[in-house]
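To start, the structure itself, in structure tokens.
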Amino acid sequence: MRGRVLVAKVGLDGHDRGIKVVARILRDAGMEVVYTGLFQTPEMVAAAAIQEDVDVVGLSMLSGAHLTLAPLVVAALRERGSEIPVVVGGIVPSHDVEELTTTGVAAIFGPGASAEEIVATISSLVPQDH
Amino acid sequence: MTDSPHETWRENYDAARTRDADFTTLSGIPLEPVYGPRDGEFPGQFPYTRGIHASMYRSKLWTMRMFAGFGTALDTNARFREIIGAGGTGLSTAFDMPTLLGLDSDDPMALGEVGRCGVAIDSLADVRDLFAGIDLSRITTSMTINSPAAVMLALFVAQAEESGVARSLLGGTLQNDILKEYQAQKEFVFPPRQSMRLVRDTMAFTAAEMPKWNSISVSGYHIREAGSTAAEELAFTLANGFAYVELAREAGLGVDDVAPRLSFFFNAHIDFFEEIAKYRAARRVWATWLRGHYGARDERSWQLRFHTQTAGVSLTAQQPEVNIARTAIEALAGVLGGTQSLHTNSMDEAIALPTAKAARVALRTQQVLAHETNVAHVADPLGGSYFVEELTSEVERQAQEILADIMEKGHGSMLEGCITGIEENWFQGRIADSAYALEKSFNSGRRIVVGVNAFTEGNDEDDLAILRITSDDEKKQVTRLARVRASRDTARVDEALATLSREAADPTINLMPALIDAARVEATVGEMMGAMVKVFGRHVEVPSL
């Protein structure tokens, strides 16, 4: 699989087990992975994604703040004229999936999502000409 | 001639008060308080593999301490009262992310996080509401907070004294285990060495003024949740415990002044026997090191007391009712391993914070164990099992090996070894490696998780009621905070914060009195933390995958 992915933790959520596991899964699948560390703001993530010229941004969110913070990351990217797709993984109750989708989140991985599903979905979001 | 282990145990057992219960099987077979060869190790005897008390649960069942917190202090106070009304015997406060990171609810970084993962506490006004109508001299309280632990202790003392309860009467536990924050849970503010100054101050303060208070709950729970193995959980946790003992010693406190006030907090994961072995090994390793390496003479220093929480990571969002079974098995491991207190997770916690009903079912699970199954009648019922004894020794051997590595990092100091290991990302890397190894075994299907990679029929049924925390709670809390800011005496707040900053710059001063003064004049958590950040700086973790 080709593709360059920024994985990010936005806000105050320090749970980093999931993001590290997913980063390694994506690397093992042949993708390049950039991780900017904990406690990032939506603006920091958007700026890093553009600067690192990534194909996809993956947010890991386990503290319940996804409905507030994920749309802000999408908006920060679009304000900068970027169309980089944003995906979210973590604790997202099923009733929040639709709302996240309407705010421009391209895909959502709930608890128990398989490695295959994550790799397949993210690679489908990588532009063909990459 | 000295008494045999059995005779000594018998004397201690006879001296202990026992509960009013029939210690027989359901069919009426009378049960001994413990079984084993007369010259073997008995409960209440060094190195306490079989438990720290001669009579174990025959004297006192474990404390059913349910962890709760969400929304505003008023919301959580209502949940606390429900827990006490349903027979819970202790409280444990969960704080929201901004509070855990020392930020006020109106801080821009707190956006979307207020009251989500726990209760939002900004000032004394919130602590007043949190414990309204709860007798703090009777119910013990555990506060799960680390970086701002000293601040929260100050608020708690200020509130209790305001309501007429002297600080010397307060019983409870402050988690206050900052080392595992850098290693695993990642809720840190100050750099490690500056944080340890605050830990030192709380240990010295509680040793002098709060005889019933546990100054630190040394926690493996989060290390395990972040992905470590059982032996790593045990070793990292005990290493941190030894580091706090060394810190206290450096501050001039005696090992026997602080060690009896350290309690532990372990995970109960889904591998039943491995967890029981881990608890048995934990007591043995702690006792051996405290008596041997650290020269403790008070037997209470040797006795590892611990709280257990069932494993959040073992829960599945798929078919969540199955989590009741997982939690029951994990809780049983904690009990058979001799835990002093227990939190059982609710079935819905892979999805959201628990509803009142789900939390009640979780508490009922403990009550079934305590009152229906008779598993609490006999101490260390698996002691002597070839398998469990061997597994205990193996977990102990692995943990001792890791402890030796950490000690070597610190050139003979566990305190230095822990801080160096954190600064080098050594703990963080080991935990991430173990998490990934386990994940690969799930992905390959070599390990089964029911409802996730097997037995998925029924996964599409989604009818569990979920607790929803709306952004209304955030608005409510921000309004409450604005009211506090408007009504207090600003000059007194400024003065208290200036004193705090000044005293923070002098490492010989204990910061607790200045924090309590600031809490009394309604300085906020964010302001008190900010006054210390000015002097201590902030910790930034170098990102690594």
Filter pass, B:Tyr244 being touching a Leu at 6+ places or on another chain (Cβ under 7 Å) and within 26 Å of B:Val533 (Cβ to Cβ): yes
Wholly enclosed helices (runs of 4 or more DSSP H) of the stretch B:255-373 bearing at least 3 residues more than 21 Å from the chain's Cα centre (by Cα) and either under 27 Å from B:Leu391 (Cα atoms) or among the acidic types (Asp, Glu) (or both): B:272-292, B:322-336
Whichever residue in the stretch B:17-69 is buried (at least 16 other Cβ atoms within 10 Å of the Cβ) and aliphatic (A, V, I, L, M) and, among such residues, is nearest to B:Trp286 (Cα to Cα): B:Ile52
Single residue of B:Ile431, B:Ile422 found to be part of a helix (DSSP H, G or I), closer than 30 Å to B:Leu290 by Cβ and in contact with a Pro (Cβ under 8 Å, 6 or more places away or on another chain): B:Ile422
Leading residue by the ranking (surrounded by the fewest Cβ atoms within 10 Å (Cβ to Cβ)) among those in the stretch B:310-325 that are closer than 14 Å to B:Val452 by Cα and not aliphatic (A, V, I, L, M): B:Glu321
Residue in the stretch B:422-429 that is at negative phi and charged (D, E, K, R) present: yes
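Yes/no matrix, rows are residues, columns are (1) of a type in the set (Gly, Ala, Ser); (2) farther than 16 Å from A:Ala106 by Cα; (3) in a loop (DSSP other than H, G, I, E, B):
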residue	(1), (2), (3)
A:Val22	no, yes, no
A:Ser60	yes, no, no
A:Leu69	no, no, no
A:Val74	no, no, no
Test: residue in the stretch B:234-252 that is outside any helix (DSSP H, G or I) and at pLDDT 95 or above: no
A:Val54 being away from chain B (no Cβ under 11 Å), among the β-branched types (Val, Ile, Thr) and in contact with a Lys or Arg (Cβ under 6 Å, 6 or more places away or on another chain): yes
Breaking point among (1) among the hydroxyl-bearing types (Ser, Thr, Tyr); (2) over 20 Å from the mean Cα position of the chain (by Cα); (3) closer than 30 Å to B:Ala86 by Cβ, for B:Tyr386: (3)
Pair list, Cβ < 8 Å and 6+ apart or interchain, from the stretch B:1-18 residues that are under 13 Å from B:Gly40 (Cα atoms) to residues that are among the basic types (Lys, Arg) and part of a loop (DSSP other than H, G, I, E, B): B:Ser4/B:Arg38; B:Pro5/B:Arg38; B:His6/B:Arg38
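Listed here are the residues, each with its yes/no results for (1) touching a residue at least 40 places away in the same chain (Cβ under 8 Å); (2) under 27 Å from B:Asp96 (Cα atoms); (3) buried (at least 21 other Cβ atoms within 10 Å of the Cβ); (4) facing chain B (nearest Cβ under 9 Å).
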{"site": "A:Lys20", "(1), (2), (3), (4)": "no, yes, yes, yes"}
{"site": "A:Ala49", "(1), (2), (3), (4)": "yes, no, yes, no"}
{"site": "A:Leu62", "(1), (2), (3), (4)": "yes, yes, no, yes"}
{"site": "A:Pro71", "(1), (2), (3), (4)": "no, yes, no, no"}
{"site": "A:Val86", "(1), (2), (3), (4)": "no, yes, yes, no"}
{"site": "A:Val105", "(1), (2), (3), (4)": "no, yes, yes, no"}
Among the candidates A:Ile50, A:Ile84, residue that is within 11 Å of the chain's Cα centre (by Cα) and farther than 30 Å from B:Asp348 by Cβ: A:Ile84
Residues of the stretch A:24-36 satisfying the condition of being within 11 Å of another protein chain (Cβ to nearest Cβ) and either assigned to a helix (DSSP H, G or I) or at pLDDT 95 or above (or both): A:Arg24, A:Ile25, A:Leu26, A:Arg27, A:Asp28, A:Val33, A:Val34, A:Tyr35
Any hit, the stretch B:251-274, residues being surrounded by fewer than 20 Cβ atoms within 10 Å (Cβ to Cβ), touching a residue at least 24 places away in the same chain (Cβ under 8 Å) and among the basic types (Lys, Arg): no
Single condition B:Trp302 does not satisfy, out of (1) within 22 Å of B:His222 (Cβ to Cβ); (2) in contact with a Leu (Cβ under 7 Å, 6 or more places away or on another chain); (3) not aliphatic (A, V, I, L, M): (1)
Qualifying residues in the stretch B:184-202 (those that are over 18 Å from the mean Cα position of the chain (by Cα) and in a loop (DSSP other than H, G, I, E, B)) - the one nearest to the other protein chains (Cβ to nearest Cβ): B:Val189
Residue list for the stretch B:100-110, restricted to those being touching a residue at least 40 places away in the same chain (Cβ under 8 Å) and either surrounded by fewer than 23 Cβ atoms within 10 Å (Cβ to Cβ) or in contact with a Gly (Cβ under 7 Å, 6 or more places away or on another chain) (or both): B:Gly102, B:Leu103, B:Asp104, B:Asp106, B:Asp107
Selection from the stretch B:518-545 of residues that are surrounded by 18 or more Cβ atoms within 10 Å (Cβ to Cβ), more than 14 Å from every other protein chain (Cβ to nearest Cβ) and outside any loop (DSSP other than H, G, I, E, B): B:Ala518, B:Ala519, B:Arg520, B:Glu527, B:Met528, B:Gly530, B:Ala531, B:Met532, B:Phe536
In the stretch B:337-392, the residues that are on the phi > 0 side of the Ramachandran plot and either surrounded by 22 or more Cβ atoms within 10 Å (Cβ to Cβ) or within 14 Å of another protein chain (Cβ to nearest Cβ) (or both): B:Gly338, B:Asp380
Matching residues in the stretch B:206-223 - criterion: being of a type in the set (Ser, Thr, Tyr) and touching a strand residue (DSSP E or B) at 6+ places or on another chain (Cβ under 6 Å): B:Thr206, B:Ser217, B:Ser219, B:Tyr221
Search result, residues across the stretch B:88-117 that are more than 22 Å from B:Ser195 (Cα to Cα) and more than 10 Å from chain A (Cβ to nearest Cβ): B:Gly88, B:Thr89, B:Gly90, B:Leu91, B:Ser92, B:Ser105, B:Asp106
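The values are calculated or read from the model by the stated rules, or taken from the named source; none is laboratory data. Everything numeric here is computed off the predicted structure, so don't read it as measured data. Backbone-built Cβ (ideal geometry, glycine too); neighbour counts: all protein chains shown.
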